[in-house]
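Single-structure report; data block below.
Bear in mind that the values in this text are calculations on the coordinates, not laboratory data. Just so it is clear, the model here is predicted, and its values are computed rather than measured. Cβ sites come from the backbone with ideal geometry, for glycine too, and all protein chains shown count toward neighbours.
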Amino acid sequence: DGGRAWAPLGGQPAIAKDAPGPIAVNADGSVLLWSFVHWDGTKYAAHRSADNGTTWTEISSFPKGATPVADPADPTLFYAYDTDTGTLLASTDSGRSFTARATGLPSGDSQFKVVAAPGRSGDLWLSAKGNGLFRSVDGGATFSKVDSCRASYTLGFGKAADGADYPAVYQVGSTESGTAVHRSDDGARTWVRINDDRHQWGYIGDVIVGDPRIHGRVYLATNGRG
C-alpha cells in the first residue's frame, strides 16, 4: 500500500494508522471525530476519541467516507453529509451516534462540502458544485437554496467587514460574474469577485478559508502544483 503502515485502531478492524483524513474537534475540544477514504476509493468507518486520540471507537451510524463537521458553539453537536444519498445527518450526543435530518439534497459527488458558520449553532452551508449553494439555519433539519449562486465548489468564512453582523463568506463558485473567487459581506445576498482573469490557478475548488482576524484576507488551496 505505497509504504503505509497498517495497524488496529482501538480494537476495530485494521486501518492505516498514518492514514490522511479529515478530523473534526467539538466546540470544547473534548471529542475528536476522524474519517478516512483510501486512495483507491474505499470508504472506511469513522472513529471517535474522547481522550485526545489515545483510544478510538468506531461510529457505526456515521456514513462511511463522509467528512465530520463540528458545531462551532454546541459541543454535543456534529454533522455529516452522506453524498451517496443526499442526506444530512446529525449527532446530538457528542458524536456517539448519528441520525438523518434533511433528505433529498444533491447526491452522487463525494466532493460536496458542508461548512458550519463560526460562532453560531446550527448554521450550515452546503456547496454542491453545479447544483448550487444551500443553507440551513436549523442544524440541518431543512435547507434552502441560495438564489445568488448558480454553482458552489468550496466555501469558507473570515472576519466580518466593519459594521457587518455576519462573517465574510468566501467561495469559489458561479454568480452573475461567472465562475471565480468571490466574497460576500452580507450573508450571500450579493457577491464581489476578488480574483481576475490574470489570476487563475488550475482547479481551485478544493479549499478556501478567510482569515478570522483580518477582513479581506483569504487562503485558497488548489488540487496540486505545490
Interchain or sequence-distant (5+) residues whose placed amide H lies within less than 5 Å of the amide H of residue 31 are 26
For peptides 57-67, 38-48, sequence by mean Cβ density within 10 Å, most packed first
57-67, 38-48
Work out, step by step, the length gained on full extension between residue 93 and residue 206: first 0.36 nm times the residue separation, then minus their alpha carbon distance; give nm to one decimal.
37.7 nm
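Just how large is the dipole of the stretch 92-187 about the Cα centre, in debye to the nearest 20, putting +1 at every Lys and Arg Cβ and -1 at every Asp and Glu Cβ? Could the numbers behind the result be given before it?
Working: 10 positive and 10 negative charges, 68 e Å.
For this selection, approximately 320 debye.
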Where a Cα-Cα gap under 29 Å defines reach, which lysines qualify for residue 64, not counting those fewer than 8 residues away within the same chain?
17, 43, 113, 129, 145
In Å and whole numbers, how far do the C-alpha atoms of the stretch 185-226 stretch along each principal axis, longest first?
32, 23, 16
When the charge dipole of the chain is computed with +1 on Lys and Arg Cβ and -1 on Asp and Glu Cβ about the Cα centre, the Cα farthest towards its positive end, among 89, 66, 202, belongs to 202
So how long is each side of the stretch 56-103 along the principal axes, counting just the alpha-carbon atoms, biggest first, in Å?
26, 23, 15
How big is the dipole moment of the chain about its Cα centre under a simple scheme where the beta carbon of each Lys and Arg is +1, that of each Asp and Glu is -1, and everything else is neutral? Debye, nearest 20, please.
300
Quick one: divide the alpha-carbon radius of gyration of the chain by 2.2 N^0.38 Å and tell me what you get.
1.03
Could you work out the relative contact order of the stretch 35-120, using alpha carbon pairs under 8 angstrom and six or more residues apart, expressed as a whole percent?
22
Taking 0.36 nm per residue of separation between residue 217 and residue 55 and subtracting their Cα-Cα distance, the length gained on full extension comes to 54.5 nm
